[in-house]
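> What follows is a single structure, and I will ask about it in a moment.
What follows draws every value from the coordinates through simple rules; no lab data is involved. Computed from a predicted structure; not experimentally measured. Cβ: placed from backbone, ideal geometry, glycine included. Neighbour counts: every protein chain shown.
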Amino acid sequence: MRSNIPDQKIILIGAMGAGKTTIGKILARELEWPYIDNDGEMARISGMSEAELSQLAVPDLHQLEENYLLEILSRPAPYIAGAAASVIEKPQMIELLKSVTSIYLFLPIDQLLARARGGHSGVGRQALQDESAGKIITERFIRRDPLYRDAAQFTLELGEDPEIDASSILAKIS
């Protein structure tokens, strides 16, 4: 374990497809801390499979995403976790994210759109499979970007290599 990094709760926030899971797993490996997977943990907490979660109505899914964040924030440090993109839209969730080490993984809209077209899968992405996906992603990006920036301790503009991005995060938190 890295002795120069104090135990903390690190929550990665950002749009779907930004790389929260990928970077979270790298950070967890480097720090030797647990990584809490958003989709897997929501399935465990709710008693539903990830496939069942993907079939939920959006408001129901967003409520489960909030419940997940509340539950993991009650756990003792250290750990790395990703938060569902939707949680940023509630002021009380923003305040909770400000109380821990929240890091906004920023990816420009053109790259988010390219990743969405690349067929990434996961809970909450079922609405992005039709022709209106670009409009949905753009609208969410415009609405949520300032909220992520407000909630985060710092924003990391992502590059091409998640290993380098994770190293940048480690340098900032040490």
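> Springs between alpha-carbon pairs under 10 angstrom, Gaussian network model over the chain: which of Ala83, Ala51, Ala18 fluctuates most?
Ala51
> Here's a follow-up. Suppose we keep just the DSSP beta bridges with both residues in the chain; what percent of those would be antiparallel, to 5? If you can, show how the numbers build up before the last one.
Details: 0 of 14 bridges.
Roughly 0 percent of the DSSP beta bridges within the chain come out antiparallel.
> Test of understanding: ordering Met42, Met16 by Cβ neighbours within 10 Å, fewest first, what list do you get? Walk me through the numbers before you get to the answer.
Details: Met42 23, Met16 20.
Lowest to highest Cβ neighbour count: Met16, Met42.
> How large is the helix-only mean residue ellipticity at 222 nm for the chain, computed as the sum of -39500 (n - 2.57) over DSSP H runs with n ≥ 4, divided by its residue count, in deg cm²/dmol to the nearest 500? Mind dumping the intermediate values first?
Numbers: 8 runs with 90 residues, N = 174.
Computed mean residue ellipticity for the chain: -16000 deg cm²/dmol.
> By the scheme Lys and Arg +1, Asp and Glu -1, what is the net charge of all other residues having a beta-carbon under 13 Å from that of Gln153?
+3
> Next up: Among the complete DSSP H segments of the chain, which ones combine at least 24 Å of alpha-carbon extent along their axis with a mean Kyte-Doolittle hydropathy of -1.0 or more?
The qualifying helices are 133-151.
> A further question follows. How high is the relative contact order of the chain, in percent, with contacts defined as C-alpha pairs under 8 Å that are six or more residues apart? Please list the in-between numbers first.
Values: 238 pairs, mean separation 61.6, N = 174.
Reported as a whole number, the value is 35 percent.
> Test of understanding: given the chain, find the longest segment containing no GluC sites (Glu not before Pro) that are in a DSSP loop and have at most 13 other Cβ atoms within 10 Å. Don't jump to the answer; show the numbers that get you there.
Details: sites that count: Glu32, Glu131, Glu160.
Answer - 33-130.
> State which entries of Lys20/Lys172; Lys25/Lys172; Lys25/Lys98; Lys90/Lys135; Lys98/Lys172 exceed 19 angstrom in Cα-Cα distance in the structure shown. Before the final figure, lay out each step's value.
Working: Lys20/Lys172 17 Å; Lys25/Lys172 17 Å; Lys25/Lys98 22 Å; Lys90/Lys135 22 Å; Lys98/Lys172 16 Å.
Result: Lys25/Lys98; Lys90/Lys135 exceed 19 Å.
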